[in-house]
Amino acid sequence: MPKVVDHEERQREIAGAVWRAVARRGIEAATMREIAEEAGFSTGVLSHYFEDKDALILHALHVSIERAAGRMDRRGRGATGLGALRSVLREGLPLDDERRGEMRVWIDFWGRATGSEALGREQGRWYALWRSVVRALLEECQRAGEVNPALAVEQEAAALVALVDGIGIQATFEPDRFPPEEQTSLIDGQLGRLVAR
């Protein structure tokens, strides 16, 4: 009897292998063969699912976004207003090994996306979604009277997403200078400036 293959599970395993290989060696240096070995498959298996390296990286990016969105949802569940906003913003920071690895891959991905229309579009979609989530939480904070009612939420959402990216990049390159408590302190400081007086 032929073995039944769970294709979704196999694709998740491959995505995990992409992240590990890229976190270790960078997008350009991580080869299809290395990714296949990391996943425990042949390069033929990878070729069956993905036509080229960009398609493979794009799939891994989707999986990463799903993981990050799932964490944001879990952390924000039950929280409202500024508490929910703080939880969601924290999930974008490299506060532990898993998120540090993701940030390293994101930094590499940004470089590759500048030369790839498909990856650039995907990056644009992700940022539009990320800003819309932050904007919706800011609007909720306004309705609850927690932040300044005159706050330009579209602009502030973009600024908060940029702040998370900036902190994440610095913490990736200077982890001793930006330990988790410093990262969250910077987020809390910015949120404190938004509070309605």
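The values are calculated or read from the model by the stated rules, or taken from the named source; none is laboratory data. The structure displayed is predicted, hence computed values, not measured ones. Positions of Cβ are backbone-derived with ideal geometry, glycine not excepted, and every protein chain shown enters the neighbour counts. Surface areas here come from the heavy atoms of the whole protein model, side chains and all, with no ligands, DNA or RNA. Shrake-Rupley method; radii C 1.70, N 1.55, O 1.52, S 1.80 Å.
Of all residues in region 1-52, those satisfying the criterion of being without any contact (Cβ under 8 Å) to a residue 60 or more places away in the chain, open to solvent by 80 Å² or more (accessible area, probe 1.4 Å) and outside any helix (DSSP H, G or I) are Met1, Pro2, Lys3, Val4, Asp6, Glu51. Scanning region 180-197 for residues that are open to solvent by 50 Å² or more (accessible area, probe 1.4 Å) and small (Gly, Ala, Ser) gives a single hit, Ser185. Considering (1) at pLDDT 80 or above; (2) over 11 Å from the mean Cα position of the chain (by Cα); (3) at negative phi, the lone condition that Arg74 does not fulfil carries the number (1). Residues of region 141-179 that are in contact with a Ser or Thr (Cβ under 9 Å, 6 or more places away or on another chain), open to solvent by less than 30 Å² (accessible area, probe 1.4 Å) and small (Gly, Ala, Ser): Ala157 alone.
Taking the criterion of being buried (at least 17 other Cβ atoms within 10 Å of the Cβ) and β-branched (Val, Ile, Thr), the residues of region 64-106 that qualify are Val88, Val105.
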